[in-house]
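Asks: Could you have a look at this structure, given as structure tokens, before my questions?
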Amino acid sequence: MVKVLLIGNGAREHAIAEAIIRSQHKPALFSFMKSNNPAIAELSSAVRLGSYGNLNDINTFASENGIDFAVIGPEDPLNNGVVDSLKRISIPAVGPTKQLAQLETSKSFTRNLLSKYVIPGNPQYRIFTSMEGIKDFIDGLDGVVVKPDGLTGGKGVLVQGDHFETKGEALEHCREILREHSVVIVDEKLEGEEFSLQCLSDGTTVVATPPVQDHKRRFVDDKGPNTGGMGSYSSEDHSLPFMTVADVAEGLAITQKVAEALYRETGEYYKGVMYGGFIITKSGVKLLEYNARFGDPEAMNILPLLKTDFVDICKAIINGTLNQLDVEFEKKATVCKYIVPKGYGLPADHPDAQSMSAKIDVDDVQEARLYYASVDKKDDGLYMTKSRAIGVVGISDDLESAERIAERAVSAIHGPVDHRPDIGTKRLIQRRIDHMKKIRG
Ligand code: GLY
């Protein structure tokens, strides 16, 4: 029997766990989680709760259970070197080593890699370790984005027009970032529509999964603060309504070149997920950033559609035989909406903040899928634990009915919760299409 170790405790990992368990190999799942996800626990043969920084504990759990391979969900354990640590006890993983995970953990590493290997996709950018030269660079750009180098949970990127208005404020943000971090990255602000392209890589072969569009902002019509992601959708034609076939191909081509460059740069094969956050601009597809893992929520859009056995995919990634596998997805549309506590993303003194750990009741969600994120199962029911609580996914032949399925399920979840009713709707998608038409001229 194949024994698989899954590291992670969110809705993304619930979707991964489900894909593992669905395998015809009838694998046994062993889950290492920093806090108990009741849905993952239910699918697991054994669970260990612990810190993603405690690599000894992870190795012990893996050895005790005779694990064949590991799948790493979130970025923190990758950044801590969990893949290197498991490798030392001969357990391979779907996930990059610490050095290769810099693709996500160091924005400057990735920008410089693209420049060095002359890979298209970088915007105009510069990396600064002091304030010297920042003003001149910013003055030469129409709009700017400033960000620190390391992991920020998707919330550290500051965009002119969204998070601040003037170049003076941009300079002030750079100063603040440099007070806490050694490096600040300044990118030219790009105008366009974003898409997530989660690619599977064995180091030489890179395979794209259907593109997805995420919604980072907390409130309807992309208002409010950035979050980890409030929901996402994908189309039955494995494109997105505002994209062309060439856009998808461009994102994949960039990622294939990056995989090759990573090998040339480090001598290591990248085995895992290369999730490109791209933006389609008037001058083609540009790279916003890479993540070294599946997206959350985007994993919930693509993994339920997988027709190919996920354990076979994992083995092919590990063995470098992805070129021998047909990775296929159902031709279905998906809409994912995150149920969050009403106070999610709001200041701690906001009246809704008390909802963060409230009890919720889940009625019959009919054909929708539920993926548990930050929830705790107590004797008297299900409680939210201060972050995104449940991912609700509608899957159907077209976006309209997938959205309807997701909305129906949302209304079956009761408590002081909120979600974004606009995600996946015709109105919002038409806005994306119109925006892209305008950009392409
Ligand atoms: N969807 C954003 C992320 O996974 O980082």
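Asks: Among the residues of segment 369-381, write down those that are closer than 15 Å to His414 by Cβ and under 25 Å from the mean Cα position of the chain (by Cα).
Replies: Passing the criteria: Leu370, Val375.
Asks: Only one of (1) free of Cβ contacts under 8 Å to residues at least 24 places away in the same chain; (2) within 19 Å of Gly203 (Cα to Cα); (3) not small (Gly, Ala, Ser) is not met by Val94, so which one is it?
Replies: Only one criterion in (1) free of Cβ contacts under 8 Å to residues at least 24 places away in the same chain; (2) within 19 Å of Gly203 (Cα to Cα); (3) not small (Gly, Ala, Ser) is unmet by Val94, namely (1).
Asks: Counting only residues that are assigned to a loop (DSSP other than H, G, I, E, B) and either within 15 Å of the ligand (Cβ to nearest atom) or touching a Gly at 6+ places or on another chain (Cβ under 6 Å) (or both), which one in segment 211-239 is most open to solvent (accessible area, probe 1.4 Å)?
Replies: Lys216
Asks: Which count do you get for residues in segment 128-166 that are within 28 Å of Val258 (Cα to Cα), open to solvent by 50 Å² or more (accessible area, probe 1.4 Å) and touching a helix residue (DSSP H, G or I) at 6+ places or on another chain (Cβ under 7 Å)?
Replies: 1
Asks: Moving to a separate point now. Could you check segment 248-267 and list, in sequence order, the residues that are open to solvent by 10 Å² or more (accessible area, probe 1.4 Å) and within 16 Å of Lys286 (Cβ to Cβ)?
Replies: Scanning segment 248-267 gives Val248, Ala249, Glu250, Leu252, Ala253, Lys257.
Asks: Do the conditions hold for Asn319, that is, is it in contact (Cβ under 8 Å) with a residue 40 or more places away in the chain and within 12 Å of the ligand (Cβ to nearest atom)?
Replies: When the stated conditions are applied, Asn319 does not pass them.
Asks: Moving on to the next point. Please verify whether Val83 is among the β-branched types (Val, Ile, Thr), open to solvent by less than 60 Å² (accessible area, probe 1.4 Å), away from the ligand (no atom under 16 Å from the Cβ) and out of contact with any strand residue (DSSP E or B) (no Cβ under 6 Å at 6 or more places or on another chain), treating the condition exactly as stated.
Replies: For Val83, the condition - among the β-branched types (Val, Ile, Thr), open to solvent by less than 60 Å² (accessible area, probe 1.4 Å), away from the ligand (no atom under 16 Å from the Cβ) and out of contact with any strand residue (DSSP E or B) (no Cβ under 6 Å at 6 or more places or on another chain) - is not met.
Asks: Mind checking which residues of segment 408-432 are closer than 18 Å to Tyr233 by Cα and either touching a His at 6+ places or on another chain (Cβ under 9 Å) or open to solvent by less than 40 Å² (accessible area, probe 1.4 Å) (or both)?
Replies: Passing the criteria: Ala409, Val410, His419, Arg420, Asp422, Ile423, Gly424, Thr425, Leu428, Ile429, Arg432.
Asks: Shifting gears a bit: Can you report the number of residues in segment 172-199 which are more than 16 Å from the ligand (Cβ to nearest atom) and part of a strand (DSSP E or B)?
Replies: 5
Asks: Count, please, the residues in segment 334-356 that happen to be of a type outside the set (S, T, N, Q) and open to solvent by less than 10 Å² (accessible area, probe 1.4 Å).
Replies: 8
Asks: Checking the conditions here, which among Val285, Val311 is assigned to a helix (DSSP H, G or I), away from the ligand (no atom under 16 Å from the Cβ), surrounded by 22 or more Cβ atoms within 10 Å (Cβ to Cβ) and of a type outside the set (S, T, N, Q)?
Replies: Val311
Asks: Restricting segment 200-210 to residues that are assigned to a loop (DSSP other than H, G, I, E, B) and open to solvent by 10 Å² or more (accessible area, probe 1.4 Å), which is farthest from the ligand (Cβ to nearest atom)?
Replies: Checked segment 200-210; the qualifying residue farthest from the ligand (Cβ to nearest atom) is Thr204.
Asks: For Gly121, are the conditions met, namely being open to solvent by 40 Å² or more (accessible area, probe 1.4 Å), outside any helix (DSSP H, G or I) and in contact (Cβ under 8 Å) with a residue 24 or more places away in the chain?
Replies: no
Asks: Of the residues in segment 158-171, how many are assigned to a helix (DSSP H, G or I) and in contact with a Phe, Trp or Tyr (Cβ under 8 Å, 6 or more places away or on another chain)?
Replies: Going through segment 158-171 one residue at a time, the tally reaches 1.
Asks: Regarding Tyr269, is this residue more than 16 Å from the ligand (Cβ to nearest atom), modelled with pLDDT of 95 or more and on the phi < 0 side of the Ramachandran plot?
Replies: Here the answer is yes, as Tyr269 does meet what is asked.
Asks: Here's a follow-up. From Leu303, Leu252, which residue is part of a helix (DSSP H, G or I), under 20 Å from Tyr233 (Cα atoms) and within 16 Å of the ligand (Cβ to nearest atom)?
Replies: Exactly one of Leu303, Leu252 is part of a helix (DSSP H, G or I), under 20 Å from Tyr233 (Cα atoms) and within 16 Å of the ligand (Cβ to nearest atom), namely Leu303.
Asks: If you don't mind, another one. Determine the pairs where a residue that is open to solvent by less than 10 Å² (accessible area, probe 1.4 Å), located within segment 1-27, has a partner that is outside any loop (DSSP other than H, G, I, E, B) and among the polar types (S, T, N, Q) with Cβ atoms under 6 Å apart, the partner being 6 or more residues away or on another chain.
Replies: Leu6/Ser31
Asks: Another question about this same structure. Can you find a residue in segment 180-191 that is open to solvent by 30 Å² or more (accessible area, probe 1.4 Å), modelled with pLDDT under 95 and under 22 Å from the mean Cα position of the chain (by Cα)?
Replies: Scanning segment 180-191, I find no residue that is open to solvent by 30 Å² or more (accessible area, probe 1.4 Å), modelled with pLDDT under 95 and under 22 Å from the mean Cα position of the chain (by Cα), so the answer is no.
Asks: Just wondering, is there one or more residues in segment 141-157 that are more than 16 Å from the ligand (Cβ to nearest atom) and part of a helix (DSSP H, G or I)?
Replies: no
The values are calculated or read from the model by the stated rules, or taken from the named source; none is laboratory data. What you see is a predicted model, and the numbers here were worked out from it, not measured in a lab. Every residue, glycine as well, gets a Cβ built from its backbone with ideal geometry; the counts of neighbours run over all protein chains shown. The protein model used for the area step is the full one, side chains on, heavy atoms only, and it has no ligands, DNA or RNA in it. Shrake-Rupley method; radii C 1.70, N 1.55, O 1.52, S 1.80 Å.
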